[in-house]
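> Have a look at this one before I ask anything.
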Amino acid sequence: MSLHAIDDIGDAIDATKSLLLPFAARTWLKLAVVVFFIGGGGGGFNGLQNAGNFGGQDQPTDGGAGQPVFDGGAPTTVDGLMSAISPEILVILGIALLLVLAFGLLSNFMEFVFIESLVSREVHIRRYLRENVGNAVRLFGFRLVVSLVSLLLVVGFLYTVFVTAFGGNLDNVTTTALFNILPAAIVFFVVFGVLQGLITGFTTVFVVPMMLTGDRGVVGSWKRLLGSMRRNVKQYLAYLAFSIVLGIGVGIISSIASVIATLLLAIPFVVLGAVAWFGLGGGHIALALVAVLVVLFALVLLLATTLIQVPLQAFLRYYAMLVLGDIDEPLDPIPEVRADIRPDESDGPVSESL
C-alpha cells in the first residue's frame with residue numbers, strides 16, 4: 001500500500017502552480033493580505049498559551065543547591081502576587097487581550113478565505129468573508145475554547161506544583177526543589193504540546209476544508225475526521241511525519257528567501273538614507289527623512305516577506321487537502337483541482353482501511 005503523504009508532494013507543487021501561475025500581481029497581493037492574517041496556520045491565540053516567567057533578571061539568585069531562587073522583598077504567595085497587580089496593569093492587559101481576540105477573530109475569517117481561494121482558484125476576499133461568517137465564528141469559538149483549556153491546564157499544573165512541591169510560597173522555590181519536579185514537568189509539557197499540536201494543526205489543515213466543503217460544523221467535522229483516522233491510522237501518521245519534515249523545509253526556504261529579500265531591499269534604502277543625511281548635512285529635516293525611509297523599508301519588507309509566504313503556505317494547504325482526499329474520497333475538498341493536475345486519473349481516490 002502506497003503512502004499518500006509521499007505521492008502527493010509533487011501534486012501539491014502542481015496545484016500551487018495552477019493557482020499562482022501565470023503570475024497575476026492582483027492575485028498575489030490579495031493572497032498576501034490573507035496569509036498575513038492567518039500567519040501560516042496559526043489561530044491567533046498562541047500568545048495565550050505561554051506560561052509566565054517569574055524569574056526576571058532583576059531578582060537576585062544564590063544559585064546554590066537548597067537556596068531560595070526568589071528573594072528581594074517581592075511577594076512570595078499567590079495572594080501577594082495578585083494584590084501586587086495594579087488596576088493600570090489590569091487595564092493594559094485587558095486592552096491587549098481584546099486586540100488579540102480581535103486579530104484572532106479576523107484570522108479565523110481569513111482561514112476560510114484562503115481555503116476557498118485554493119479550492120476555487122479565484123480570490124475574492126469580501127465575498128468569501130460574507131459567505132463564511134458562521135464558519136468563522138464557530139472556528140473562533142472552538143479555538144478559543146481550546147486555548148482557554150490549554151491555558152487552564154498549564155496554570156493548573158503550575159499552581160499544583162507551586163502548592164504541593166513548594167508549599168504555596170516562593171521562598172521554598174529552591175534549585176533542589178526545581179530539579180526534583182523537572183521530570184514531571186518535562187513529561188507534562190511534552191504530552192501537552194503533542195496533543196495540543198495535533199488538535200490545532202489538524203483543525204487548520206483538515207477540519208477547516210471539511211467545514212467549507214462538507215457543510216459541517218467544527219465538532220461534526222472532527223467526528224468525521226476521527227472516524228477516518230481510526231480506519232487509516234498508517235496514512236495519517238505518515239502525513240504527520242512528512243508534514244513536519246516539509247514544514248521544516250518550508251521554514252528554511254522562507255528564512256533564506258527573507259534574508260535575501262532583506263539584503264536586496266536594504267541597498268536602495270540605505271543609499272537614499274545616506275544621500276538624505278549627508279546631502280542635508282544632518283539636522284532635524286535629514287533625521288525626519290531617514291525616519292520616513294525606515295518606515296517605508298519596514299512596510300516594503302513586510303510585503304516582500306508575506307509574498308514569499310504565499311506559495312509556501314498554498315503548497316502546505318494543498319498538500320494536506322490532497323492527502324485527505326486520497327485517504328478518504330468523500331472528504332476530498334478539491335476534486336476539481338485534483339482532476340486538473342491528474343488528467344490521466346480516470347477514477348477518484350479510493351479510501352483505504354487498515
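None of the figures in this text is laboratory data; all of them are computed from the coordinates on show. Treat the numbers as computed from the prediction; the structure is a model and nothing was measured. Don't worry about glycine lacking a Cβ; one is built from the backbone with ideal geometry, like all the others, and counts go over all protein chains shown.
> Report the Rg/Rh value for the range 107-152, based on alpha-carbon coordinates and the Kirkwood definition of Rh.
Ratio value, two decimals: 1.11.
> In terms of the Cα gyration tensor, with a ≥ b ≥ c the square roots of its eigenvalues, is the range 174-239 rounded because a/c is under 1.5, prolate because a/b exceeds b/c, or oblate?
It comes out prolate by the Cα gyration axes.
> Same structure again: Could you go through the range 270-287 in sequence order and give the Karplus-derived ³J(HN,Hα) for each residue, using 6.51 cos²θ - 1.76 cosθ + 1.60 with θ = phi - 60°, rounded to whole Hz, and x for Gly and Pro?
For the range 270-287, the Karplus curve yields 5, 4, 4, x, 5, 4, 5, 5, 6, x, 9, x, x, x, 5, 5, 4, 5 Hz.
> Moving to a separate point now. Taking amide hydrogens as modeled 1.01 Å from N in the peptide plane, which residues meet the under 5 Å criterion relative to Thr174, leaving out close sequence neighbours?
Close amide H contacts, sequence-distant or interchain: Val69.
> Under a Cβ-Cβ cut-off of 12 Å, what is the net charge of the residues other than Thr27 that fall near it, where Lys and Arg count +1 and Asp and Glu count -1?
Taking every other residue near Thr27 into account, the sum is +2.
> May I pose another question? Rank by packing, highest mean first: peptides 90-99, 177-186, 268-277, 302-311, with packing defined as the count of other Cβ atoms within 10 Å averaged across residues.
Top of the packing list down: 302-311, 268-277, 177-186, 90-99.
> Next question. Where the centroid of each part is defined by its Cα atoms, how far is the range 189-248 from the range 1-26 in Å?
Centre-to-centre distance over Cα atoms comes out at 20 Å.
> Kirkwood hydrodynamic radius of the range 211-354 from all distinct Cα pairs, in Å?
Radius from the Kirkwood sum: 19.2 Å.
> Give me the lysines in straight-line cross-link reach of Lys17: C-alpha distance below 26 Å, same-chain residues under 8 apart excluded.
Leaving aside lysines fewer than 8 places away in the same chain, those within reach of Lys17 are Lys30.
> If each Cα of the range 253-315 is one equal point scatterer, what is log10 of I(q)/I(0) from the Debye formula at q = 0.17, 0.18, 0.20, 0.24 Å⁻¹?
Relative scattering, expressed as log10 I(q)/I(0), comes to -0.62, -0.66, -0.75, -0.91.
> Using only Cα atoms, locate the centre of the range 319-343 and the centre of the range 79-139, then give the distance between them in Å, rounded to an integer.
Here the two parts' Cα centres lie 29 Å apart.
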